[in-house]
Structure formats: structure tokens, C-alpha cells
Amino acid sequence: MGTEGTEPAGLGTVGMGSAGIEPAEMGTEGMEPAGLEPAEIDPAREAEEPPGSPALPAEAPQDGPPAAAPSGEGALPAAPGRERERERGRCRTGAQGSAGRAVRGSARRAPGRRSGGKSARGPGVTVDSSKAKTSLEALKISLRQLRWKEFPFGRRLPCDIYWHGVSFHDNNIFSGQVNKFPGMMETVRKITLSRAMRTMQDLFPLEYNFYPRSWILPEELPLFVAEFRVMKDSNPSWKPTFIVKPDGGCQGDGIYLIKDPSDIRLTGSIQSRPAVVQEYICKPLLMDKLKFDIRLYVLLKSLEPLEIYIAKDGLSRFCTQPYQEPTLKNLHQVFMHLTNYSLNIHSGNFIHSDSVNTGSKRTFSSILCRLSSRGADVKKLWSDIISLVIKTIIALTPELKVYYQSDIPAGKPGPTCFQILGFDILLMKNLKPMLLEVNANPSMRIEHEQELSPGVFENVPSPVDEEVKVAVIRDTLRLVDPQKKKRKDTQCQSLEPAPGASEELPDAPPSPEAALPSLCLKQVFPKYAKQFSYLRLVDRVAALFIRFLGVKGTTKLGPTGFRTFIRNCKLSNSNFSMAAVDILYIDITRRWNSMGIDHKESGNPGMCLQAFVEAFFCLAQKKYKSLPLHEQVESLIDFCECRLAALRDKRLVWGCGLAGRHGALPATGATPGPGCTSPPRPHGPQVFTLQKSSQLRALMCRDRAGS
Ligand code: ADP
């Protein structure tokens, strides 16, 4: 789900029982990348070296981070393994609370650095960590490595960065950067994610076949039953399994497997707590006969323009009972089917490991090394994973933009945002990656509880978690560093010292960057924007939606806004009257509002983005009947954008003409009139150019729309 709980859930909270282990015969045959499908879009095939590069010795990553070896990047001054040891010596004592541990230790000092004094570069970046919650420990290590200034109890003055453990709304912030986007938790909830993926699957079925087919309960139960029956009738030997996941659940909470729609537990919870029922991936890739999934960390650095980074290494979480394809007998065996760490830690078979390539939690790069040593095409796998991540974020951005403009309206002071997301991915036997879910708050804990003696627990470091998570947090901070630009400018100046200017102080500290490993986060967008931009149709629909929202701070479109949209885009005609427009609005809006979606404005009867998207698709189908859906939608977007541009130009002309008539404008520099957004242009020729450009656009519109 959207947020990942940080306390391990007891087995009591899980819907599935934990019956005894059954013998499993499935083994390493699952390792074979049989039936590998060619990449449909292959952005990274040539360019990207996957984590755990095959060039590295398999299973021996301690001499250098397996994840940090892409070609062309320099050798690392300090391998995370060694760095970890040093840090651990300073920062960790198992049984004490994190606050106590946190203040201990200091950053590795560069030789010649003045102790205790301020850096010659100034006070450094300031970070408010008072709301960091369970990510605090990893954050503290990162800040020490960067030599940034931490404010563990907040600060009276504004900070450069606010690190929140849960959501954007943890504080009232008007400047700087926050490590959460408004609305991210809502956007990646199981139901919302499934809806967004369904929209993309409708538009681009092949491109989005990495998300299992899903139905939303309770509203789509009849549809699920009907589709099940059709499939069964056409293929009686089809014996599928489905997984039911409560919306808003996490750590495997309430999840169960079914073989038939009639097994859905309708009593009580499903009505009050909606859920997603999803095709169960029955043939996952196994390792040591165990099912495992991958947690990858993705940095959404900016929404507009879209900037995405992927961490070169992640975690693999293993089941603790050998896998068997689901049967009625083993359906309830949690440790066989669910890879959640919070569940499997309670299994007697769970192996805590000091090594990154053994045990029940390993690095993803160690898995890739192993796959590569068996001849699997890990480059293709890595390229498929990059595609999956970019496509998923493209599916999420429209909703996020609506939330963003609502919380931080343009022109209002507010922070900018970035966010680390946890992508849960399952590899199929044929090595195809499948998205399970996206976590808005992936656990950043770097320790786990261990029972020393009955009832006595101790927090002990988890080297695997630390290796991956500290690097992700530290390098996220490096990427959003507000002083980076300033530093660059200073460096440029110091390269060309003014005549007579004194040289740099002999004991000036070198930048901490110099002592850090190369970034573990790789940019994938806009790097591969060209290959994926055609998928961003719903983004453009969302831009239209936002344009007509009217009231600042809202996320729902009222009936007047919808009518204005139809009028301004000239979508109504003799076949589609304004009365029909109203009916469309009421029908769709009522249905979406009756679904009981946990929305920021649940009480607002207006039209949410998803409802608007549905209405837009309806209009597109009406107008461009013969085309495939994505072409219908694209044509309508083009049409609307052209109409709106023409309208804007027309208003500009009117505004400017009016102002000119009143003699309010100087003859050579027109100020735009009401509704004009363009900068001032010379008065006379402007009218001519604008008329020409709007006529041209109108012609283009007509041409494309065929009207
Ligand atoms: P939660 O947020 O509760 O962890 P997930 O969607 O991650 O929910 O599902 C929990 C676990 O169930 C996953 O880690 C994975 O092992 C398994 N799982 C989820 N969906 C599927 C699926 N469609 N096919 C196979 N296994 C799945």
C-alpha cells in the first residue's frame, strides 16, 4: 500500500493461517530465464549497466559495491561495506534507543580539517529531522557523511530541507524542500494505484502488462465474477489463483488467496474496507526454492519537469518456506506465498545474515550476480525494470499534480518536494518483472529486533538494510542539495581568481563530495524521456482538468467548471447539447463519489480527476469513433489544446485592442489585458501575428479533428 508500517505486524493480524511446511520439489529450474520475451521498449539495454554487473565476481561483493559499478564511473573511495563498519563502530549500540544512539559519532573528518569549527564554506545545508521517525537513524548517518547540519528538534528559522517520516503534512512549511509530495500516500494506495494502472492499461495494454489484472472490491465484484466465468467457460482447464488485498493494508495485513470468486470474504470488512482482488502470479522466479520479491528505491526528484532516479541496488525479501504453486491445500501458507519481511521474521526459518548475499534479506545486486553467473540476461532485466518504474510514475503523475496544485498553488509561498518511493517487484520465472505495489513510505529502518532471551529484545544493526538505505538517503540529499549550485558558482570563481585576490585558505576543507562514493541513484528520466513521452496522455488530460478547477486549493471540478471546459473547447454541438453535458457530469460524478474513495475532499460533491478522465474518454470515443482509444484520446487532447490556445490568443487580441482604444498603453509596449498571459509585445505587429497564429492553430485543429 501507500505507506509501509514500521512496526512488524504480528501473525495474528494476517488473514492467512500459517499451516505446517509442506515438502517442495520446485528448485533451481525456476532460475532458468526460459521464454525470455524481447523488450518492447528498451531504453537502457545498451546504455545501462545493471546493478551487480556481471563483470563483478559473483557472490563476492565486499571489495566494492556490486551496485555501483556502471561502466564509466570511477572507483569508489570508500566501499559501503567498509564505510558501514566504520559508521557502525561509531553509531551503534544494539539495545539502546535510537535517540541515544543518534547523537553519538561524528562525520569522518578530512585531513587538516579544523575540529569543531564551522566549515569555511559556510554553515552548510540545514535539515530538520524532528519528524523523521523510523528513518532517523539512516538519516543521521547520511547527514554526518555529508557534514550537513541537523536540527533534531526543529528550528525557529526555516531549514533548507524537512525530512518527514510519514507525509507532506507533518508540518507547516513555506520554503525549502520537503521529502514528501502532497497526496502521494493517497495516490499509491492499492485501489488508487490499480485504477491509475487500469487507465493506462486501457490506453496502452501492451506497455502496461507488467501490472497484474486487478478488480476493485466491492464495486467491481460483479465484473470480476463475470470475467471469471467467461474465462472459465472458454477454457475449463484454467485454474487461476487470485490474491485479495485490503486497501490501505500493509505488511501483508489481511491478505489472502482464493481460487474462486465465491471465496471472497464478503462479511463485514469488505464493505467497510475496500480491497483489490488481483491475479496471483503463480510462477515466480525462485532462488534456493524460495519465492522472493525485490524492493527498489526510486527518487521522484521533481514532478514538473519530471525527474526520476533509480537506486542501483535494492533489497530482496525471501519467503521462509519452499514455494509450491498454489493449491487448495497450501493456499493459507503465509511463509510460502507472501514475501513480507514483517511476516517471515516470525518464521522459525528466518535467517538474519551479516552478508548481503545470503539469508532471508539480501541485496538485489547479489541476486543479479547469481542470475548472471547462471547466464541470465540481467541487462535486459534491468532495462525492463527501468521501463516499469518510468511507466508506473507516468501513471501516477496526473493525480499527484492535482494534489500538488491544491496544496502548493502556483504563486503561493511553499516548499518544493521530492520523495523516495519503494517499488515492490516480483520476477516471474521467465524473468519478467511485475509490479506488486508502490510504497510512499518505504521502511528506512536499518536495524531489527532480536529476541535475546524469552521476552528480552534488542535492536541490532542490519548490515544489508544499512548498506542499501543509507546510500539511498545520502545520495537523495546530494541530488537535492540546495547549495550545490552555489558551490559550483564559487568554484568557477575560484578557478579564475581576481588579480590580487588571496588564494584559498591552506586548511580549507575539501568538499565532502570528494570523499563520498559515486551516486547510487541513476537518472532515468528525462534521460529516457523520448521513448516514454508518448505515454503521458493522462498528464495532458490532468492539465486541462487543473485549468478548469477554478477555485485555488480544490481537487474537484464543479459543474460550472465542467461546462466552461466544454464551451471553451467547443465540444458541444447539435448532437451533444449542454443538457447532455450536464447529464454526463452528474452520472459520472455521482458514481465516483459513491465509491467511498478515501479522498482529500470526500465531502466535496465535485468531479475528481479520475471521473474527469472517464468523461474525457467518453467524449473522445464519441468524437473519434473509428480510432483506437489512445488515438481518440490524443486527438481530443490536441483538439482541446488548440481551441484553448486560439481562445487565449483571441482574448489577448481583445484585451490589447481594448487597452489600446482607451489609450492606456504606450504605442510600443502592450501590457496584456485580462486573461492575457503572454509577455508584453510591440503593439501594432502583435495583433497581426496573433491573428495569424490563432488562425493557423484553428486550421490545424480542424485538420486534425476532421471537423
Ligand atoms: P502489503 O502492502 O500488505 O505488503 P503487497 O501488495 O505488497 O501488500 O502484497 C504482499 C505480498 O504478497 C507481496 O510481497 C508478495 O509476496 C505477495 N503478492 C502480492 N501480490 C501478488 C501477486 N499478484 N502475485 C503473487 N504474489 C503477490
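The values are calculated or read from the model by the stated rules, or taken from the named source; none is laboratory data. Because the structure is predicted, anything quoted here is derived from the model rather than measured. Neighbour counts are summed over all protein chains in view; Cβ atoms, including those assigned to glycine, are modelled from backbone coordinates with ideal geometry.
A few points about this structure:
- Taken over region 186-212, the residue count meeting the criterion of being under 17 Å from residue 280 (Cβ atoms) and either away from the ligand (no atom under 15 Å from the Cβ) or outside any helix (DSSP H, G or I) (or both) is 4.
- Condition met for residue 280 (crowded, with 17+ Cβ neighbours inside 10 Å, among the aromatic types (Phe, Trp, Tyr) and touching a Gly at 6+ places or on another chain (Cβ under 7 Å)): no
- Given (1) surrounded by fewer than 20 Cβ atoms within 10 Å (Cβ to Cβ); (2) more than 16 Å from the ligand (Cβ to nearest atom), index of the condition residue 390 fails: (1)
- In this structure, residue 320 does not qualify as without any contact (Cβ under 8 Å) to a residue 12 or more places away in the chain and over 21 Å from the mean Cα position of the chain (by Cα).
- Restricting 257, 223 to residues that are within 9 Å of the ligand (Cβ to nearest atom) and either more than 28 Å from the chain's Cα centre (by Cα) or of a type outside the set (D, E, K, R) (or both) narrows the list to 257.
- The condition of being at pLDDT below 95, buried (at least 22 other Cβ atoms within 10 Å of the Cβ) and out of contact with any helix residue (DSSP H, G or I) (no Cβ under 6 Å at 6 or more places or on another chain) holds for only one of 355, 342, that being 342.
- Count - residues of region 397-434 that are within 16 Å of the ligand (Cβ to nearest atom) and within 26 Å of residue 528 (Cβ to Cβ): 13
- Strands (runs of 3 or more DSSP E) completely within region 403-472 that count 2 or more residues being surrounded by fewer than 18 Cβ atoms within 10 Å (Cβ to Cβ) and at pLDDT below 95: 447-453, 456-461
- Taken over region 535-575, residues that are over 20 Å from residue 638 (Cα atoms), among the polar types (S, T, N, Q) and surrounded by 15 or more Cβ atoms within 10 Å (Cβ to Cβ) amount to 2.
- Which listed residue, of 373, 342, 366, is more than 27 Å from the chain's Cα centre (by Cα) and either of a type in the set (S, T, N, Q) or within 16 Å of the ligand (Cβ to nearest atom) (or both): 373
Table: residues versus (1) in contact with a strand residue (DSSP E or B) (Cβ under 8 Å, 6 or more places away or on another chain); (2) surrounded by fewer than 18 Cβ atoms within 10 Å (Cβ to Cβ).
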| site | (1), (2) |
| --- | --- |
| 129 | yes, no |
| 140 | yes, no |
| 147 | no, no |
| 155 | yes, yes |
| 161 | yes, no |
| 168 | yes, no |
| 178 | yes, no |
| 185 | yes, no |
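- Filter result for residue 452 (away from the ligand (no atom under 15 Å from the Cβ) and of a type in the set (A, V, I, L, M, F, W, C)): yes
- Selection within region 211-230 - in contact with a Phe, Trp or Tyr (Cβ under 8 Å, 6 or more places away or on another chain), surrounded by 12 or more Cβ atoms within 10 Å (Cβ to Cβ) and hydrophobic (A, V, I, L, M, F, W, C): 215, 217, 221, 224
- Within region 241-253, residues that are at negative phi and of a type in the set (Phe, Trp, Tyr) sit with their Cβ atoms under 6 Å from residues that are more than 6 Å from the ligand (Cβ to nearest atom) and in a strand (DSSP E or B), at 6+ positions apart or across chains, in these pairs: 242/258; 242/277.
- Of all residues in region 327-339, those that are near the ligand (Cβ under 9 Å from one of its atoms) and of a type outside the set (A, V, I, L, M) total 2.
Quick grid of which residues meet (1) in a helix (DSSP H, G or I); (2) modelled with pLDDT under 95; (3) under 30 Å from residue 250 (Cα atoms):
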residue	(1), (2), (3)
121	no, yes, no
134	yes, yes, yes
138	yes, no, yes
142	yes, no, yes
158	no, yes, no
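- Residue 274 being within 26 Å of the chain's Cα centre (by Cα), away from the ligand (no atom under 14 Å from the Cβ), under 30 Å from residue 417 (Cβ atoms) and surrounded by fewer than 20 Cβ atoms within 10 Å (Cβ to Cβ): no
- Checking every residue in region 307-316 against the condition of being in a strand (DSSP E or B), at negative phi, at pLDDT 95 or above and within 14 Å of the ligand (Cβ to nearest atom) gives at least one match.
- One residue alone among 325, 304 is touching a Cys at 6+ places or on another chain (Cβ under 7 Å), surrounded by fewer than 21 Cβ atoms within 10 Å (Cβ to Cβ) and farther than 21 Å from residue 369 by Cβ, and that residue is 325.
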